[in-house]
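Worksheet for the structure shown next.
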Amino acid sequence: MRTTTADFARMKAEGRPIPMVTCYDYASALIVARAGLRFILVGDSLGQVMLGHDDTLRVSLDEMISHSAAVVRGAPDALVIGDLPFLSYAMVDDAVRSAGRMMREAGVRAVKLEGGRSMAPIVRRMVELGIPVVGHLGFTPQSAHQIGIRVQGRTLETAADLIADAHALEQAGACAVVLELVPAPLAAAITKRLKVPTIGIGAGAGCSGQVQVWHDLLGLFDRPPFRHARQYAAIGPAIEEALRGYAGEVTAGVFPTAANAASMDEGLVAEAVA
Ligand code: KIV
Ligand code: NA
């Protein structure tokens, strides 16, 4: 059965934590689906973990569409949420056009955008037009050059701002709100006050769900995990070992064997080359 944004509300109402993972390509999406995860985010973290940029700002809408479409092909029954990239939703018209392309060309069934009260009118119009919108508050990577990469909402004033932003997104019709790098007690308080689920990353166990970046979960990079992450496998070293094995066998003449290619009568080949 297809997972929809209605499942967000249902899971929160039933008190069932929501596991979400980022994903950026077809082969990985097949694995996500096989693992039974039903909530997928095609994050613009794509810029860093897939494309090697320093930040998310260079990711284009075309790149988001291409990768999101691949993920939807791999996990057609999951709720695939696509990030709207930097400046692709600055005005209502931009937001509607960008989200429209993500839904029609890539097939995502929700989009995510960063920002709180200032985004509320845009979110409201999108929702009126039938676009399911997920909000994103706390550390918002598209603003990293303004706010730095750090925990948000630690002071009375910024905590109150975050709470007001979360309420504004819910009132504008957002179906869920991502909380990134928000102190756990504040994220828990916001979660209690909202009807829609919060999805945390570095925001503690009091959120309605968790989202983690594929590469962090699976240990694809040769670096210690972030504080907010946990490595559930060491896939990077496993791939490295496999590649060494492959290269070693080619070098040693062990691969391929006769079984790895079609055979043909040697006499026929001799005649053909004559
Ligand atoms: O781009 C991304 O992966 C995200 C999540 C970390 C929430 O926005
Ligand atoms: Na993102």
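The values are calculated or read from the model by the stated rules, or taken from the named source; none is laboratory data. Bear in mind the structure is a predicted one, so any value in this text is a computation, not a measurement. Please note: Cβ atoms are built from the backbone with ideal geometry, for glycine as well, and neighbour counts cover all protein chains shown.
Pairs please, first residue from region 131-159 and closer than 21 Å to Met20 by Cβ, second anywhere and among the charged types (D, E, K, R) and more than 10 Å from ligand 1 (Cβ to nearest atom), Cβ atoms under 7 Å, 6+ apart in sequence or on different chains.
Pro132/Arg109; Leu137/Asp165; Phe139/Arg150; Pro141/Asp55
Restricting to region 34-44, what's the tally of residues that are surrounded by 22 or more Cβ atoms within 10 Å (Cβ to Cβ) and either near ligand 1 (Cβ under 7 Å from one of its atoms) or over 12 Å from Leu79 (Cα atoms) (or both)? Steps first, please.
Taking region 34-44 and keeping what is surrounded by 22 or more Cβ atoms within 10 Å (Cβ to Cβ), we get 39-44.
Next, only the ones that are either near ligand 1 (Cβ under 7 Å from one of its atoms) or over 12 Å from Leu79 (Cα atoms) (or both) stay: 41, 43-44.
Selection size over region 34-44: 3.
Just name the residue that is nearest to the chain's Cα centre (by Cα) out of those in region 77-130 that are in contact (Cβ under 8 Å) with a residue 60 or more places away in the chain and surrounded by fewer than 22 Cβ atoms within 10 Å (Cβ to Cβ).
My answer is Arg109.
Here is a list: Asp54, Asp25. Which entry is under 23 Å from His145 (Cα atoms), away from ligand 2 (no atom under 13 Å from the Cβ) and surrounded by fewer than 18 Cβ atoms within 10 Å (Cβ to Cβ)?
Details: Asp25 fails: under 23 Å from His145 (Cα atoms).
Answer to the selection: Asp54.
Checking the conditions here, which among Val59, Val71 is within 10 Å of ligand 1 (Cβ to nearest atom), in the same structural domain as His136 (by TED's automatic domain parsing) and not small (Gly, Ala, Ser)?
Values: Val71 fails: within 10 Å of ligand 1 (Cβ to nearest atom).
Exactly one residue qualifies, and that residue is Val59.
For region 8-27, which residues satisfy the criterion of being within 11 Å of Leu79 (Cβ to Cβ) and at pLDDT below 95?
Phe8
What number of residues within region 8-22 are crowded, with 19+ Cβ neighbours inside 10 Å and within 16 Å of ligand 1 (Cβ to nearest atom)?
Total satisfying the criteria: 5.
Quick one: Ser60 ticks every box in (1) within 16 Å of ligand 2 (Cβ to nearest atom); (2) within 22 Å of Leu218 (Cβ to Cβ); (3) among the hydroxyl-bearing types (Ser, Thr, Tyr); (4) surrounded by fewer than 19 Cβ atoms within 10 Å (Cβ to Cβ) bar one, so which box is it?
It fails just one condition, (2).
If a residue has to be assigned to a strand (DSSP E or B) and among the β-branched types (Val, Ile, Thr) to count, how many in region 189-215 make the cut?
Residues in region 189-215 being assigned to a strand (DSSP E or B) and among the β-branched types (Val, Ile, Thr): 4 in total.
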